[in-house]
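First comes the structure, then the notes that go with it.
The values are calculated or read from the model by the stated rules, or taken from the named source; none is laboratory data. Being a predicted model, the structure only gives us computed values, none of them experimental. Cβ: placed from backbone, ideal geometry, glycine included. Neighbour counts: every protein chain shown. Side chains are part of the model used for accessible areas, which takes the heavy atoms of the whole protein and leaves out ligands, DNA and RNA. Shrake-Rupley method; radii C 1.70, N 1.55, O 1.52, S 1.80 Å.
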Amino acid sequence: SVSAMTTLEAVREAHKLILPFIHRTPIMRCSALDALCGPGVELYLKCEHLQKAGSFKIRGAMHSVLRLSDEEAAKGVVTHSSGNHGQAVALAAKIRGIKATVVIPNNAPPVKAAAIRAYGANLVFCEPTLKSREETSAAIVAETQGFMIPPYNHANVIAGQGTIALEILEEVPDVDCIITPISGGGLTSGVTITAKALRPDIICVAAEPAGADDAFRSKASGTLQINEKVDTIADGLRVQQLGDITWPVIRDVLDAVVTVTDAEIVEAMRLLFERAKQVVEPSGAASVAVAMSKTFQDGPGAHKKKVVVVLSGGNLDLSA
């Protein structure tokens, strides 16, 4: 199991390291959204879609890149990603002045591939399966001796993502509940460990698309489940399963996983766009969809007044 206190220390150290290189994103309010989240609820939007490279992923990537020795860094970094993590690793490598190779599924949105290229990374396409992604990256690592930065299942990545919770608790110290989108579980693990280490009574909830509900099924059954088939508009939340580091946190520390349909996610995107004037990608709007759902309001969100939702990214393919 993860020792919450040592991890909190790691997250604080990560925050010190990455702050010069990231945005400390704003926390916004929108009264029109409050009304949809139940009576008396105050919804706070943690705007990671306004983060560098358009998502929270720069936190874990920057932390991982900054932790490399000069000798390791000289060999470059490698990752596999459906988009946002790839962009983040490409930018983090560019900031440190080292080379990056990103393995990307051949069905990823073209806008995400173009963005990775724009940060100067080398792109390698693979089949859209975890097996193909891992085999392709492993071959590149073997060839280049580059350092692998996984999208979620790594202590430095998780500590970087956890820095979001430090910022939330500094600005909204009396928060009752934090909702994060979940895919591989890096963001959710980091935020949950950090929030509960600082304030054990905070309710931490993960938002997951119904069409990629492995975390929901894993938590419900107590055993790690896989998505055989993934069908969701949330392209950042299509991972097939949680990692061996993130899964125990989801199983033992997280309070609940709540699923939402693509229709609910699209409605949340529309409301964020129209009411809050924020362009948020489907994966990032999932947390708002959960806050607006009856399942949350009658379940883990019951009697919770101050709810923070992490808008995890804004890299929307507007050509679609």
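The sole residue among Ile140, Ile168, Ile178 that is over 23 Å from Ser283 (Cα atoms) and either among the aliphatic types (A, V, I, L, M) or out of contact with any strand residue (DSSP E or B) (no Cβ under 7 Å at 6 or more places or on another chain) (or both) is Ile140. Looking across region 145-176, just one residue is surrounded by 18 or more Cβ atoms within 10 Å (Cβ to Cβ) and free of Cβ contacts under 8 Å to residues at least 60 places away in the same chain, and that is Leu169. Within region 105-116, the residues that satisfy the criterion of being touching a helix residue (DSSP H, G or I) at 6+ places or on another chain (Cβ under 8 Å) and either at pLDDT 85 or above or not in a loop (DSSP other than H, G, I, E, B) (or both) are Pro105, Lys112, Ala115, Ile116. Only residues that are in a helix (DSSP H, G or I), without any contact (Cβ under 8 Å) to a residue 60 or more places away in the chain and closer than 25 Å to Trp247 by Cβ were counted across region 117-139, and they come to 8.
So that you can scan it fast, the table gives a plain yes or no per residue for (1) within 19 Å of Lys196 (Cβ to Cβ); (2) open to solvent by 10 Å² or more (accessible area, probe 1.4 Å):
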{"residue": "Val239", "(1), (2)": "no, yes"}
{"residue": "Asp255", "(1), (2)": "yes, yes"}
{"residue": "Val258", "(1), (2)": "yes, no"}
{"residue": "Ile265", "(1), (2)": "no, no"}
{"residue": "Gln297", "(1), (2)": "no, yes"}
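Table: residues versus (1) assigned to a helix (DSSP H, G or I); (2) at pLDDT below 95; (3) in contact with an Asp or Glu (Cβ under 8 Å, 6 or more places away or on another chain).
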{"position": "Pro151", "(1), (2), (3)": "no, yes, no"}
{"position": "Gly160", "(1), (2), (3)": "yes, no, no"}
{"position": "Ala165", "(1), (2), (3)": "yes, no, no"}
{"position": "Val175", "(1), (2), (3)": "no, no, no"}
{"position": "Ser189", "(1), (2), (3)": "yes, no, no"}
{"position": "Thr194", "(1), (2), (3)": "yes, no, no"}
{"position": "Asp201", "(1), (2), (3)": "no, no, no"}
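Screening region 299-315 for residues that are without any contact (Cβ under 8 Å) to a residue 60 or more places away in the chain and farther than 14 Å from Thr259 by Cβ and picking the one that is least open to solvent (accessible area, probe 1.4 Å) gives Ala302. Summed over region 34-52, residues that are open to solvent by 10 Å² or more (accessible area, probe 1.4 Å), in contact (Cβ under 8 Å) with a residue 12 or more places away in the chain and among the charged types (D, E, K, R) total 2. Being part of a helix (DSSP H, G or I), under 28 Å from Thr7 (Cβ atoms) and either open to solvent by 70 Å² or more (accessible area, probe 1.4 Å) or aliphatic (A, V, I, L, M) (or both) holds for only one residue in Ala142, Ala93, and it is Ala93. I need the full set of residues from region 53-90 which are part of a helix (DSSP H, G or I), in contact (Cβ under 8 Å) with a residue 24 or more places away in the chain and open to solvent by 30 Å² or more (accessible area, probe 1.4 Å), in order please. Lys57, Leu66, Glu72 - these are the residues of region 53-90 that are part of a helix (DSSP H, G or I), in contact (Cβ under 8 Å) with a residue 24 or more places away in the chain and open to solvent by 30 Å² or more (accessible area, probe 1.4 Å).
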